[in-house]
Amino acid sequence: MTSVDAPEFPMPRAAGCPFDPPPGLRELQEETPLAPVRLPDGSTAWVVTRYADQRAVLADSRVSSDVTKPGYPSGTPGRVVGAGNIGFILMDDPEHARLRKMVTAPFMIKRVEQMRPAIQRIVDERIDTLLAGPNPADLVESFALPVPSLVICELLGVPYTDHDFFQHSSKNLISRSASPEERGAAFQKLHDYLDDLLIEKTERPQDDLLSTLTERVRNGELTRADAAGIGVLLLIAGHETTANMIALGTMALLENPEQLALIRDTGDPKVIAGAVEELLRYLNITHNGRRRVALADIEVAGQTIRAGEGVIMANDIGNRDPSVFDHPDRLDVTRDARRHVAFGFGVHQCLGQPLARVELQVVYGTLYRRIPTLALAADRDSIPFKHDAAVYGVHELPVRW
Ligand code: HEM
């Protein structure tokens with residue numbers, strides 16, 4: 001891999017265009033679909049920018065998600081100690097598949113649909129609270145974070161009263177500006193917390209996902225450390241991602257009022273479901289790319305990635321590939337965006353996607369209808385975007401109504 005002039009990755013977004021991927025990625029997609037980039041730890045990796053190439057690599061069993069393998073493209077200047085045991089997201093098959101299967105059932109479409117009325121109730125209650133509180137308010141703190149946190153707490157059996165602790169630790173764990181030590185400490189705290197909960201549930205099992213994991217530990221199918229790792233993964237992935245989609249999606253819609261009106265004024269759940277897919281595509285909040293290391297030589301875009309080299313599928317620009325989506329930089333909630341790669345692709349494709357979809361459908365389908373006067377309560381340029389986090393979004397979103 002020639003890396004002398006390789007650009008740095010992640011790349012900066014253009015000033016004033018907070019919803020668009022970095023222009024540097026667009027240039028690569030047009031001219032160099034497989035390109036070397038320089039990572040924060042000084043190493044180099046390949047970045048793949050075209051949609052079809054990204055799906056091909058993500059479906060290829062000759063790439064690994066194992067962060068401990070030499071050549072894995074690190075997102076931080078140093079290794080985050082301990083974070084290798086964050087559930088099965090950083091493992092390869094067959095162990096990945098074995099562990100994933102243990103928690104698949106509650107996330108299947110049928111089971112998640114049964115949760116829709118409870119999710120609707122949570123959303124309505126949080127809107128009631130928002131409307132009864134001070135105006136203006138921060139939508140992140142008062143609505144976007146609580147909704148998915150309440151839902152995943154219920155599903156896992158985590159007490160919501162601990163939300164300050166787990167939201168804060170998750171934020172530190174995925175922050176790019178925190179040191180590897182700080183991130184490692186955040187992971188350890190979450191791991192210990194989940195481990196304590198598992199001990200509690202071993203003694204007093206309840207009707208929740210963590211209790212099913214204690215059963216598997218008892219049967220010898222799962223170690224306690226793996227069970228706690230899975231708990232950390234589900235707790236973080238279950239609230240942080242959807243929360244960012246709610247707040248960032250709302251900001252994007254407030255900036256595109258004609259699109260917001262299409263969502264607000266429809267009574268058709270299919271229109272809302274389509275809008276959710278388009279917002280997932282357009283915003284692609286997991287903006288640091290899907291990361292893998294090659295286990296064998298593989299051909300991509302007419303070139304060879306050698307065994308041991310890191311490869312990053314930049315799915316934000318993949319979702320803006322003009323050969324797949326017409327006028328890709330346009331937010332169009334009426335388009336069919338279902339082929340997007342916002343949930344990844346291949347064996348690690350998002351386990352929680354049915355849950356995320358229902359949560360977002362209920363939120364987008366309710367919030368703007370119940371608060372039709374919702375507006376930004378701050379200058380657009382003063383909104384703090386999460387350029388420094390592995391999951392993109394806004395740190396706060398002041399709104400009034
Ligand atoms: C809008 C919200 C969400 C987005 C955009 C999102 C995105 C993603 C992406 C891109 C991946 C693939 C990672 C990779 O290829 O390396 C992933 C994996 C995963 N997601 Fe999500 N996610 C969301 C919500 C959720 C929710 C609500 C849960 C529920 C717990 C969840 C649980 C997971 C898990 C467990 C994995 C790992 C799957 C595996 O390795 O087999 N996600 N997610």
When (1) at pLDDT 95 or above; (2) closer than 27 Å to residue 177 by Cα are applied to residue 41, the one that fails is (1)
Which listed residue, of 243, 237, 225, 247, is outside any loop (DSSP other than H, G, I, E, B) and surrounded by fewer than 20 Cβ atoms within 10 Å (Cβ to Cβ) = 225
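Looking for whichever is under 30 Å from residue 311 (Cβ atoms) and aromatic (Phe, Trp, Tyr) here; the options are 107, 166, 143. Which one fits? Steps first, answer last, please.
Details: 166 fails: under 30 Å from residue 311 (Cβ atoms); 143 fails: under 30 Å from residue 311 (Cβ atoms).
None of the other options fit; the residue is 107.
Yes/no per residue for (1) within 16 Å of the ligand (Cβ to nearest atom); (2) free of Cβ contacts under 8 Å to residues at least 24 places away in the same chain; (3) touching a Leu at 6+ places or on another chain (Cβ under 9 Å):
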position: 282; (1), (2), (3): yes, no, yes
position: 304; (1), (2), (3): no, yes, no
position: 323; (1), (2), (3): no, no, no
position: 373; (1), (2), (3): no, no, no
position: 393; (1), (2), (3): yes, no, yes
Find the residue count for the stretch 1-51, including only residues that are closer than 19 Å to residue 342 by Cβ, among the hydrophobic types (A, V, I, L, M, F, W, C) and in a helix (DSSP H, G or I).
-> 1
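In this structure, does residue 263 turn out to be hydrophobic (A, V, I, L, M, F, W, C), within 16 Å of the ligand (Cβ to nearest atom) and in contact with a Gly (Cβ under 9 Å, 6 or more places away or on another chain)?
The answer is no for residue 263.
Yes/no per residue for (1) among the basic types (Lys, Arg); (2) under 28 Å from residue 70 (Cα atoms); (3) touching a helix residue (DSSP H, G or I) at 6+ places or on another chain (Cβ under 7 Å):
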{"site": "277", "(1), (2), (3)": "no, no, no"}
{"site": "295", "(1), (2), (3)": "no, yes, no"}
{"site": "308", "(1), (2), (3)": "no, yes, no"}
{"site": "314", "(1), (2), (3)": "no, yes, yes"}
{"site": "319", "(1), (2), (3)": "no, no, yes"}
{"site": "327", "(1), (2), (3)": "no, no, no"}
{"site": "333", "(1), (2), (3)": "no, no, yes"}
Selection within the stretch 80-102 - under 18 Å from the mean Cα position of the chain (by Cα) and either modelled with pLDDT of 95 or more or near the ligand (Cβ under 10 Å from one of its atoms) (or both) = 86, 87, 88, 89, 90, 91, 100
Only residues that are within 9 Å of the ligand (Cβ to nearest atom) and surrounded by fewer than 22 Cβ atoms within 10 Å (Cβ to Cβ): list them for the stretch 287-298, please.
-> 291
Could you grab me the full set of residues in the stretch 107-126 that are in contact (Cβ under 8 Å) with a residue 40 or more places away in the chain and crowded, with 19+ Cβ neighbours inside 10 Å?
-> 107, 112, 115, 119, 123
Considering only strands (runs of 3 or more DSSP E) fully contained in the stretch 292-401, which possess at least 1 residues that are among the acidic types (Asp, Glu)?
-> 298-300
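Just to be sure, is residue 173 crowded, with 19+ Cβ neighbours inside 10 Å and at pLDDT below 95?
Numbers: crowded, with 19+ Cβ neighbours inside 10 Å: yes; at pLDDT below 95: yes.
Against the criterion (crowded, with 19+ Cβ neighbours inside 10 Å and at pLDDT below 95), residue 173 qualifies.
Just to be sure before I move on: is residue 357 surrounded by fewer than 22 Cβ atoms within 10 Å (Cβ to Cβ), near the ligand (Cβ under 9 Å from one of its atoms) and at pLDDT 95 or above in the structure I sent?
Working: surrounded by fewer than 22 Cβ atoms within 10 Å (Cβ to Cβ): yes; near the ligand (Cβ under 9 Å from one of its atoms): yes; at pLDDT 95 or above: yes.
Against the criterion (surrounded by fewer than 22 Cβ atoms within 10 Å (Cβ to Cβ), near the ligand (Cβ under 9 Å from one of its atoms) and at pLDDT 95 or above), residue 357 qualifies.
The values are calculated or read from the model by the stated rules, or taken from the named source; none is laboratory data. A quick note: this is a predicted structure, and the numbers were derived from the prediction, not measured. As a convention, Cβ positions derive from the backbone with ideal geometry for all residues, glycine included, and neighbour counts pool all protein chains shown.
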